[in-house]
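Right, one structure below, let's go through it.
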Amino acid sequence: MGTKIFFALFSLALALGSPLWAKDTISALYQKVDKYLALRDKLPKANDSFWSWVPFTEDNKNQIQDDINVYLDQSLAVLLDDTAIKIKNDINSLAAENRALLEKIGQYELEKAAAPKETSALKFWDTSVSQYNDKIEDAKKKIVANTAKIEIKRAEIKSNLAKSNIYLSDDQIKTLLVTVSGQDQLDAIVALKNLYSLADALKKLIGSNSDLNVYKKYYGVFLLATQAHERQLVLFIDKVDNKYLPKLKDLKDENLKLMAETQALAAQNSIYAQNLVAQRVTDVVADKYRDLLKSQRENLNSRLKALSEVLKYVENTYRTVSLASGLATSMEEGLNTLKAILEMPILPPVAFENNLEATFLELSEKLSQN
């Protein structure tokens with residue numbers, strides 16, 4: 001596990017390339033690492049006492065952990081400063097604009113029903129039926145244009161990830177972007193991709209400097225970034241368990257109750273039949289979404305378990321570097337595991353049927369609401 005293996009390990013990251021922002025990324029993390037490492041050193045000695053928050057008493061473990069989490073969250077933001085995330089945000093903006101346009105079309109259709117066929121010269125402020133038709137047509141054209149842009153940007157994300165040897169199908173990309181939990185997974189993929197690139201950049205810096213203190217600090221940067229990604233996965237799993245799945249269950253229970261009421265009404269009047277069909281579709285999609293969430297949770301749990309082993313190794317190596325002068329250590333085991341995490345399946349082969357996408361999106365939006 002000497003110097004030779006240490007540099008062999010980083011060769012894995014070379015295949016993924018070194019992004020132009022690597023230098024700025026390290027600089028941003030480097031500014032945080034001293035305070036982060038100092039807090040980590042204080043944590044094991046901190047007091048669990050309720051009174052430890054009082055001035056001039058010992059440090060409180062919970063407060064120190066909160067302070068560490070601030071640095072982890074800031075560091076995660078650095079890892080997520082990525083082209084793929086910017087494209088994802090552009091797609092979300094376009095999708096939100098389309099939803100607003102659809103609402104606008106509904107409003108125009110409603111107002112058109114009471115509009116005059118032609119506007120009077122004396123009532124120039126009125127909007128005629130033909131003018132409303134023009135507005136509706138313009139909105140529809142805008143939706144078509146935005147949808148085309150979304151398709152292009154989905155392909156850009158796919159291409160961006162492929163440059164880092166992360167290959168996803170069109171359906172996988174689509175599902176990641178349509179579901180709120182899928183967007184969490186995309187963030188996790190990007191963070192791990194950039195963790196790799198960070199390792200490559202650090203390799204070059206460590207290789208050009210033999211000062212143990214500098215070496216220790218650079219390794220501390222890698223420890224900070226790795227723990228930030230671990231916290232990201234923990235928070236995502238918590239959201240699936242304590243937010244997305246419970247809210248989906250509530251939605252499904254409410255829909256089942258409504259189905260029972262509608263079925264009774266449909267037995268008396270056929271006008272309710274179509275409502276019942278729509279409610280049954282919602283029930284089917286809710287089940288599919290539940291299965292998808294559980295699959296994504298299992299995927300995230302597997303990644304977290306593997307990453308925890310990486311973090312354990314990185315922590316041990318950091319402590320070794322801190323205590324042993326002049327010792328060159330290897331990150332081969334850690335990066336091999338990171339590589340394995342990247343190669344894990346992202347989603348089931350078929351996440352959902354295309355004709356159910358709108359209902360998936362609707363449920364996803366409801367789950368994301370506070």
> With each label point set 7 Å from Cα along the Cα-Cβ vector, what nm distance links residue 31 and residue 291?
Replying inline: 4.9 nm
>> List the lysines whose Cα sits under 18 Å from the Cα of residue 35, skipping any in the same chain fewer than 8 residues away.
In response: 45, 61, 216, 217
>> Filter 112/135; 193/243; 88/141; 112/140 down to the pairs with a C-alpha to C-alpha distance above 20 Å, please.
In response: 193/243; 88/141
>> Which of 364, 181, 27 has the fewest other C-beta atoms within 10 Å, and how do the rest follow up to the most?
In response: 27, 364, 181
>> On a full-extension model of 0.36 nm per residue, what is the gain between residue 140 and residue 274, subtracting their alpha-carbon distance, rounded to one decimal in nm?
In response: 45.6 nm
> Based on the Cα coordinates of region 88-163, what is the per residue volume of their convex hull in Å³?
Replying inline: 75 Å³
> Counting Lys +1, Arg +1, Asp -1, Glu -1, what net charge surrounds residue 142 among other residues with beta carbon under 14 Å of its beta carbon?
Replying inline: +1
>> What does the net charge come to around residue 283 if you take all other residues with beta carbon closer than 12 Å to its beta carbon, with K and R at +1 and D and E at -1?
In response: +2
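All of the numbers you see were taken from the coordinates with simple rules; none came from a lab. What you see is a predicted model, and the numbers here were worked out from it, not measured in a lab. Methodologically, a virtual Cβ is constructed for each residue, glycine included, from the backbone with ideal geometry; neighbour enumeration extends over all protein chains shown.
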